[in-house]
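Note sheet for the following structure.
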Amino acid sequence: IHPFDDPLVIAGQGTIGMEICKQTTGKPLDAIFVCCGGGGMLAGIAAYVKRVRPSAMVIGVEAEEAAGMTTSLRAGKPVTLDSVGLFVDGAAVKTIGSETFRVCSALVDDMVTVSNDEVCAAIKDIFNDTRVIQEPAGALAVAGVKKFIERTGSRDCTFVA
């Protein structure tokens, strides 16, 4: 079984979207930020959320040094990166999946890429907030939310990371 480019794996990852939607029923939900490596979790969450709560944006977040989905979506086809950085090793994938690309190209609203410094700042923010030390891939979504807000000037929105 492929770790991210398998329809059943993608469907399993979609249960994360189901949990988010259940926990935000009757509450505003403007966007969900999702860590992206090979694209399985992003594809699964997007597939569920866009079916159940289509007004909520689904935004993928990648490390600048491993932006395979962002590069592929811009190219209109899956692209193999020459190399990937290893700081965000849990999401360091040179070639995204063909099935994840198909789903993400149809359903994902936006992609955000973040630097290693932005990931480190997110790790620190998470620690200061929860006293949990997050591994870099786990901090991607928080780093992406921060960058998205900075880039768009979003205010009074409900974001999930």
What is the number of the single condition among (1) open to solvent by 10 Å² or more (accessible area, probe 1.4 Å); (2) not in a helix (DSSP H, G or I); (3) not basic (K, R) that I32 does not meet?
(1)
R53 is checked against (1) out of contact with any helix residue (DSSP H, G or I) (no Cβ under 6 Å at 6 or more places or on another chain); (2) over 22 Å from Q134 (Cβ atoms); (3) of a type in the set (D, E, K, R) and fails just one. What number does that condition carry?
(1)
Among residues belonging to segment 103-161 that are touching a residue at least 40 places away in the same chain (Cβ under 8 Å) and among the aromatic types (F, W, Y), point out the one that is least open to solvent (accessible area, probe 1.4 Å).
F148
If the requirement is being at pLDDT 95 or above, in contact with a strand residue (DSSP E or B) (Cβ under 8 Å, 6 or more places away or on another chain) and under 23 Å from Q13 (Cα atoms), which of these qualifies: V93, V103, V108?
V108
Close pairs from segment 66-88: first more than 20 Å from D109 (Cβ to Cβ), partner open to solvent by less than 30 Å² (accessible area, probe 1.4 Å) and acidic (D, E), Cβ under 9 Å, at least 6 apart
V88/E62
Would segment 62-70 turn up any residue that is of a type in the set (V, I, T) and surrounded by fewer than 20 Cβ atoms within 10 Å (Cβ to Cβ)?
no
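The values are calculated or read from the model by the stated rules, or taken from the named source; none is laboratory data. Here the structure is a predicted model, which is why all the values come from computation and not from measurement. We place every Cβ from the backbone using ideal geometry, glycine too, and count neighbours over all the protein chains shown. Surface areas here come from the heavy atoms of the whole protein model, side chains and all, with no ligands, DNA or RNA. Shrake-Rupley method; radii C 1.70, N 1.55, O 1.52, S 1.80 Å.
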